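**Student:** Dropping a structure here in structure tokens format, bear with me for questions.
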Amino acid sequence: MSSCLARTGISFSTTVCVGCLLLSPVNAEDVSSSGETKTASAVESTVEQYCFDCHNESESVAGIDFEKVLQEPFANKTAVWEAVVKKLRGRQMPPGDADRPSEQEYQNTLHTLQTDLDALAEENPNPGRTAPFRRLNRTEYHNAIRDLLALDVDVNALLPADESSYGFDNVTVADLSPTLLSRYIAAAQKIARLAVGGPLSAPSEKTFRVAPDVTQEERVEGLPIGTRGGLLIPFTFPRDGEYEISVRLTRDRDEHVEGLNRAHELELLIDLERVALFTVEPPQDKLNREAASDWEKPSHENVDRHCKARVTVTAGPHKVAVTFVKEPSSLLESKRQPLNVHFNMYRHPRLTPAVYQVSIAGPFTDNGVGDTPSRKRIFVRYPQSEAEEDVCARTILSSIIRRAYRRPTNADDLNVPFNLYRNARDNVGFDGAIELALSSILVNPEFLFRIESDPTDVPPQTTYRVSDLELASRLSFFLWSSIPDDELLDLASRAQLSRPETLREQTLRMLRDKRAETLVTNFASQWLYLRNLDSITPDGRQFPDFDDNLRQAFRAETEMLFESIMREDRSVLDLIQADYTFLNERLAKHYGVPHVYGSRFRRVALDKDSRRGGLLRHGSVLTVTSYATRTSPVIRGKWILENVLGTPPPPPPGNVPALEDNTVNANLSVRERLAEHRSNVACAGCHALIDPPGFALENFDAVGRWRDSENGVPVDASGGLPDGSTFDGIDGLEQGLLDRPEMFVTTLTEKLLTFALGRGVEHFDGPAIRGIVRNAGQDEYRFSSIILGVVNSTPFQMRQTQ
């Protein structure tokens, strides 16, 4: 072993930290002229004590044989040592049933090993290699169109969903199949027509439906006080003209309008101004039905036929709303109402009518193109005569191309779009020709893809700094999921963005911008699995008070907490333990929080003994980590290991049987049911790590409500963490996480770096991540410190050639 160590090239401090070796601290006096023998002896005995039982030539668990690893230079095995660091940081090795060192030994071992890894990275930085071509995903495409053309389009109707990888949908986006290309071409044509305001060959119609499990007894956010239910639709009208807006009410399986027992008033509003008022009444008596014509027969089929109106609307974005006038007796939101869950005839019959769908058709009269925000953004110069058209076209197209391609425009960029414009101008006019040229820009690879090319003068497998223009795109797609704005492009074009102080100023400016909310709706929504909420439907018999209103309230609470951390630049540890949250009456009643009234969300300060607060107490997280009928400590524990601690468990073996609920006594608690897996030798190893964090959340049921008992038996919420700590309930779990804050902050940093780079985190990113966490710790782990750390990191600012 002594000769083995002599060949490793590893510093003395590093040899003491071999993988699971977890050696005791070594005193400086041990390093002497005769210290080599002492060190070799210490390493050999510690390896034998902690690691060789599993990581030797004959067994080589996880493919690691430390005898062989020690024979190679340290720099050649950084991937192994980074894996060791991850296991040690999570206290996952040695296994819980083996001899384990003291906490001080863990810390000393990690410190020395990380110090040597970081020193190597400082001498030879490895930023990894992002894909040279990355297609804009659906969210980025939507935001890019919004910022390029001042146009908000429904990309879900235009493009398919993107595949998720490493937890995010902006990673596996290098491909562009012929089918997907055809979708992008069709989308570009529709968007160009809508943005320019070109004439339509015929009136079009679009229908918007309310989710079937929405209880329409509350005021819809953004609609006037004194209304209930309905739908608020952001809609871009293509031309000035007359449009028909029609409403259909929700019906039961017998085609009867649900909840229609008396007359109700239905409002149609555009930009919150009433343009029509309809009265919806139940069918009249039999004599009136027999005397009436087919059209006039007061059947349920006819009660809403008159709920349509033709209105004259200007082109551009408007808010179309349909809502019921609320009864005067219930106008005061300060009056707490009973819990209203009414959305279907089977289990939750509606007490009042509800809107099923709204259709917008037209224009039936065309009054012209209008002066829309999109046209203002596109036509930066408009010809006053035919002689000015070509000059104006060049100016218009150059302006669009610069923002669309995220760089200064050159002569070649104009060739295709300008030729399309000139060839079409005589047939379709100036505006129509610009529309055709615009559609060609929107399908150009320079717009659809983020392209990072290797410099021609840099040798292969060499690290280099990305250009300022590439840095601008990286920054804008990280913080805004969109294209750079003019200020960012101007700085990048002058090669000033990469200056440290300038980059810091721009990063903080962009974080303050409204567009940074995409870090909430895009990054956090994927990291915390909020996107899964729409597919979650708890069992209606066990959870009869669950509806879409509650589902969306779950989402809003979590998004608003994350946004408050970002906007107020608070410590990210407040995500774990917060003394406030955001509630409306519906959610507050679900949680049992008093004195919160109305549909409006507001910040609510929480008492010290409150059962609400951080993410692990949110109904959103608790629901997406449960089954439809019960909680799942396994799913919840796995979620915590992956998304909070950053120590995901290995995938289960293929032959592990599922836990069959129907073969287990229904009166048993979930903990007792899971004992089946924990007693199975094939399952016990992983479940010993996965289950304890999940058990700590057992006081919350499958829809996030607090409970003290399950099936009449007091809930056992005792749990633990991989470091061996044990506790009882959510309070103990949160404290256990806060006792070692670097674990959560490291995980959040890894998630942010994955999202920022569009690739998975690799072993060579370890030093950069540790640097970000270390520097953020000096600033109380404030959100901006972590973002600035990511932006200033080697992986973000540098790249390696092919």
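**Student:** Starting from the amide H of Thr631, placed 1.01 Å from N in the peptide plane, find each other amide H under 5 Å away whose residue is 5 or more places distant or on another chain.
**Tutor:** Hits under the 5 Å cutoff: Ala702.
**Student:** So, one more: How much of the accessible area of the chain, probe 1.4 Å, is carbon plus sulfur, in whole percent?
**Tutor:** 50
**Student:** Could you work out how far helix 468-479 tilts from the main Cα principal axis of the chain, as a 0 to 90 degree angle to the nearest 10?
**Tutor:** Helix 468-479 sits at roughly 70 degrees to that axis.
**Student:** Now for a separate question. How would you rank 564-570, 159-165, highest first, on the average number of other Cβ atoms within 10 Å across their residues?
**Tutor:** Result, highest mean first: 564-570, 159-165.
**Student:** Looking only at the stretch 400-432, which residues have a backbone nitrogen under 17 Å from a spot 7 Å from the Cα of Glu386 in the C-beta direction?
**Tutor:** Counting only backbone N, you get 422-432.
**Student:** I've got another one for you. Can you work out the Karplus-derived ³J(HN,Hα) for every residue in the stretch 262-267? Use 6.51 cos²θ - 1.76 cosθ + 1.60 with θ = phi - 60°, whole Hz, and x for glycine or proline.
**Tutor:** Each residue's phi maps through the Karplus curve to give 7, 6, 9, 9, 10, 9 Hz.
**Student:** Mean residue ellipticity at 222 nm from the helices of the chain, using -39,500 (n - 2.57) per DSSP H segment of n ≥ 4 over the full residue count, to the nearest 500 deg cm²/dmol?
**Tutor:** Theoretical 222 nm ellipticity from helices: -12000 deg cm²/dmol.
**Student:** Classify the stretch 109-148 as rounded, prolate or oblate, taking a ≥ b ≥ c as the square roots of the eigenvalues of its Cα gyration tensor: rounded when a/c is under 1.5, otherwise prolate if a/b is larger than b/c and oblate if not.
**Tutor:** Prolate.
**Student:** To continue, here is another question. Given the peptides 704-717, 305-318, arrange them by the average over their residues of other C-beta atoms within 10 Å, most packed first.
**Tutor:** With the highest mean Cβ count within 10 Å placed first, the list reads 305-318, 704-717.
**Student:** While we're here: Under 12 Å from the Cβ of Asn415, count the other residues' Cβ atoms, weight Lys and Arg +1, Asp and Glu -1, and hand me the total.
**Tutor:** Net charge around Asn415: 0.
**Student:** Work out, step by step, the length gained on full extension between Arg531 and Glu265: first 0.36 nm times the residue separation, then minus their alpha carbon distance; give nm to one decimal.
**Tutor:** So the chain would gain 92.2 nm between Arg531 and Glu265.
**Student:** Lys and Arg at +1, Asp and Glu at -1: add these up for the other residues within a Cβ distance under 12 Å of Ser626 and post the number.
**Tutor:** 0
**Student:** Same structure, new question: Can you give me the accessible area per residue for the chain, using a 1.4 Å probe, in Å²?
**Tutor:** 44
**Student:** On to the next question. Which of the peptides 414-424, 553-563 is most tightly packed, and how do the rest follow, going by the mean number of other Cβ atoms within 10 Å of each residue?
**Tutor:** Those peptides, ordered most packed to least, come out 553-563, 414-424.
**Student:** Mind checking the angle between helix 35-50 and the chain's longest principal axis? C-alpha axes, 0 to 90 degrees, to the nearest 10.
**Tutor:** Value to nearest ten degrees: 60.
**Student:** Kindly write out, for the stretch 319-325 in residue order, the coupling ³J(HN,Hα) from the Karplus curve 6.51 cos²θ - 1.76 cosθ + 1.60 (θ = phi - 60°), rounded to whole Hz, with x marking Gly and Pro.
**Tutor:** After applying 6.51 cos²θ - 1.76 cosθ + 1.60, I find 10, 9, 9, 10, 7, 8, 6 Hz.
**Student:** Tell me, what ³J(HN,Hα) does each residue in the stretch 449-458 have, in order and in whole Hz, if you take phi through Karplus 6.51 cos²θ - 1.76 cosθ + 1.60 with θ = phi - 60° and put x for Gly and Pro?
**Tutor:** 10, 8, 10, 10, 9, 5, x, 6, 9, 10
**Student:** Continuing with the same structure: Can you list residues whose amide H is under 5 Å from Ala98's amide H, if they're 5+ apart or on another chain and H is modeled 1.01 Å from N?
**Tutor:** For Ala98, no residues qualify.
**Student:** Mind giving me the nanometre distance, one decimal, between the label points for Asn415 and Gln802, set 7 Å out from Cα along Cα→Cβ?
**Tutor:** Distance between the two pseudo-spin positions: 2.2 nm.
**Student:** Oh, and also: Explain nothing, just the number: dipole magnitude of the chain about its Cα centre with +1 on each Lys and Arg Cβ and -1 on each Asp and Glu Cβ, in debye rounded to the nearest 20.
**Tutor:** For the chain, the charge dipole is close to 1780 debye.
**Student:** Moving on. Hey, what angle do you get for helix 681-695 against the long axis of the chain, alpha-carbon based, 0 to 90 degrees rounded to 10?
**Tutor:** Tilt relative to the chain: about 60 degrees.
**Student:** Same structure, new question: Looking at (i) 53.4; (ii) 39.0; (iii) 41.9, which value of mean projected area of the Cα convex hull in nm² comes from a calculation on the structure shown?
**Tutor:** Checked against the structure: label (iii).
**Student:** Give the Kirkwood hydrodynamic radius (Å, one decimal) of the stretch 474-523, defined as one over the mean of 1/r across all pairs of different Cα atoms.
**Tutor:** About 11.0 Å for the stretch 474-523.
**Student:** Follow-up question, since we're still on this one. Mind giving me the nanometre distance, one decimal, between the label points for Gln107 and Asp579, set 7 Å out from Cα along Cα→Cβ?
**Tutor:** Result for the modelled spin labels: 2.7 nm.
The values are calculated or read from the model by the stated rules, or taken from the named source; none is laboratory data. All values reported here derive from a predicted model rather than from experimental measurement. Glycine also receives a Cβ, built like all others from the backbone with ideal geometry; neighbour counts cover every protein chain displayed. Each accessible area value is taken on the protein alone, full model and side chains, heavy atoms only, with ligands, DNA and RNA left out. Shrake-Rupley method; radii C 1.70, N 1.55, O 1.52, S 1.80 Å.
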